[in-house]
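The values are calculated or read from the model by the stated rules, or taken from the named source; none is laboratory data. Small disclaimer: the values here were computed from a predicted structure and weren't measured. Glycine gets a Cβ as well: all are built from the backbone with ideal geometry, and neighbour counts include every protein chain shown. We work out accessible area using only protein heavy atoms, side chains counted, and drop any ligands, DNA or RNA first. Shrake-Rupley method; radii C 1.70, N 1.55, O 1.52, S 1.80 Å.
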Amino acid sequence: MARVTLSAHGTASPETVWQRYASVDQWASWSPQIKAVHSVSRRLSPGMSGTVEAVAGIRAAFVVDAVDYDHRTWTWRVRLGHIQIRLHHEVRPQDRGSTTSLTMDGPRLALLAYAPLARLALHRLVQP
């Protein structure tokens, strides 16, 4: 198992960034690898589950482990076949904007393969 942490800074407010996370219908607007999110719930909540559909048609199952709206943090697990990655997201205020971080735990090769896509998504997430 390995751990990778990424972060991005931008001018979008922390509230805007958090709402982009909290509403799964917005994920495809800032995460270019996501085509759709299939889940009964449309807002992040602990225990929420479903699948994330990638642009290439790949579907990965997910379960949300924790959500803290007050501290703007959330953690989920994503599984594709035998590969599982745990992702922990945070949003923090920054001068005239916000910063978001993502800490991923999982198989080293899977994290290294996913990191460039995640980095791009985080940078898009914090833009106005």
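Quick notes
- In the condition set (1) within 24 Å of Glu15 (Cβ to Cβ); (2) more than 13 Å from the chain's Cα centre (by Cα), Leu111 is compliant with all but (1).
- Of the numbered criteria (1) within 18 Å of Ser23 (Cα to Cα); (2) surrounded by fewer than 17 Cβ atoms within 10 Å (Cβ to Cβ), the one Leu87 fails is (2).
- Considering Glu15, Glu53, the condition of being of a type in the set (D, E, K, R), more than 13 Å from the chain's Cα centre (by Cα) and in a helix (DSSP H, G or I) is satisfied by Glu15 alone.
- For the stretch 7-23, residues that are open to solvent by 20 Å² or more (accessible area, probe 1.4 Å) and either in contact with a Gly (Cβ under 7 Å, 6 or more places away or on another chain) or touching a residue at least 24 places away in the same chain (Cβ under 8 Å) (or both) total 6.
- Any pair with Cβ under 8 angstrom, 6 or more apart, that starts in the stretch 100-128 at a residue that is closer than 18 Å to Ile34 by Cα and touching a residue at least 40 places away in the same chain (Cβ under 8 Å) and ends at one that is β-branched (Val, Ile, Thr) and part of a loop (DSSP other than H, G, I, E, B): Val126/Thr11; Gln127/Thr11
- All conditions but one from (1) open to solvent by 30 Å² or more (accessible area, probe 1.4 Å); (2) at pLDDT 95 or above apply to Val55; the one that does not is (2).
- Against the numbered list (1) under 22 Å from Arg92 (Cα atoms); (2) not in a strand (DSSP E or B), Leu6 comes up short only at (2).
- Options Arg72, Arg79, Arg43, Arg96: the member that is surrounded by 15 or more Cβ atoms within 10 Å (Cβ to Cβ) and touching a residue at least 12 places away in the same chain (Cβ under 8 Å): Arg72
Listed here are the residues, each with its yes/no results for (1) of a type in the set (A, V, I, L, M, F, W, C); (2) within 20 Å of Leu125 (Cα to Cα); (3) assigned to a strand (DSSP E or B).
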site	(1), (2), (3)
Arg20	no, yes, no
Lys35	no, yes, yes
Val40	yes, no, no
Gly47	no, no, no
His89	no, yes, yes
Pro93	no, yes, yes
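- Residues satisfying the stated conditions in the stretch 24-33, i.e. over 12 Å from Ala121 (Cβ atoms) and open to solvent by less than 20 Å² (accessible area, probe 1.4 Å): Val24
- Residues that are among the aliphatic types (A, V, I, L, M) and more than 21 Å from Thr16 (Cα to Cα) within the stretch 90-116 comprise Met104, Leu109, Ala110, Leu111, Leu112, Ala113, Ala115, listed in sequence order.
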